[in-house]
Amino acid sequence: MVKDVELSAIVPVCDLKDEEGKLALEYLNVLRELDKRFELMFVLDGEHPKLRANLEKLAASEPEVRIVQLTRSFGEATALTAGLEHTTGDVVLTLPAYEQVESSEIPRLVESMDKFDVAVGRRRRKGSDGTSGGIRRRLFHGLVEFVTGHQFSDLGCGMRALRRSVTDEIPLYGDLYRFIALLAARRGFRVV
């Protein structure tokens, strides 16, 4: 375990697409480049025996890697909450358990914590954003902006950087984790 952690990265593993743990190595390598004391916490929401075995091997040689096993599948909000309860960094990263974002963008999110309290990544999209999914996303975010006055491009992205003060103030249950940035903005936190 790392002492005096500056940065806690939490990966809630609910829907598994990477049993080998390749993404864990990718995240670990990017986090090492940040020149900060960090911990990389995997919260296993339900049974993931092959991934758990691979993560345990990694954790045996990498003190920054930690694993929390939930007793059954509770959902992403519970997994994130468990991760927050077992980490100590002043800055918290939430990272997706599947390839959704470019991990090379993690440093930009962390750097934004110099000026902001919350930073949300943006998922990479394959193909044109003119698909029905792209149209639905634009309509949803347009509605969010109309109702709240806050503009976002991808509230559902699982890659976020947050100050611990934000995670302490905003409750996570149900699907609220998807709206962390919006809830933080409504409470006066600086969001990008």
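Note on segment 37-50: residues that are modelled with pLDDT of 95 or more and open to solvent by 40 Å² or more (accessible area, probe 1.4 Å) total 1. Annotation note: of ALA53, ALA60, ALA24, ALA77, the sole residue that is among the aliphatic types (A, V, I, L, M) and open to solvent by 80 Å² or more (accessible area, probe 1.4 Å) is ALA60.
Residues in segment 6-21 that are crowded, with 16+ Cβ neighbours inside 10 Å and over 27 Å from ASP175 (Cα atoms): GLU6 alone.
Exactly one of (1) within 16 Å of the chain's Cα centre (by Cα); (2) open to solvent by 30 Å² or more (accessible area, probe 1.4 Å); (3) touching a residue at least 12 places away in the same chain (Cβ under 8 Å) is unmet by GLU85. Its number? Single failed check for GLU85: (3). Each residue in segment 96-115 was checked for being open to solvent by 60 Å² or more (accessible area, probe 1.4 Å) and outside any helix (DSSP H, G or I), and 4 pass. Considering LEU95, LEU109, LEU70, LEU44, the condition of being touching a Gly at 6+ places or on another chain (Cβ under 9 Å), hydrophobic (A, V, I, L, M, F, W, C) and free of Cβ contacts under 8 Å to residues at least 40 places away in the same chain is satisfied by LEU70 alone.
The values are calculated or read from the model by the stated rules, or taken from the named source; none is laboratory data. In this text the structure is predicted, and so the values were computed from the model without any measurement. Cβ sites come from the backbone with ideal geometry, for glycine too, and all protein chains shown count toward neighbours. Remember, those area values only see protein heavy atoms, side chains included, never the ligands or the DNA or RNA. Shrake-Rupley method; radii C 1.70, N 1.55, O 1.52, S 1.80 Å.
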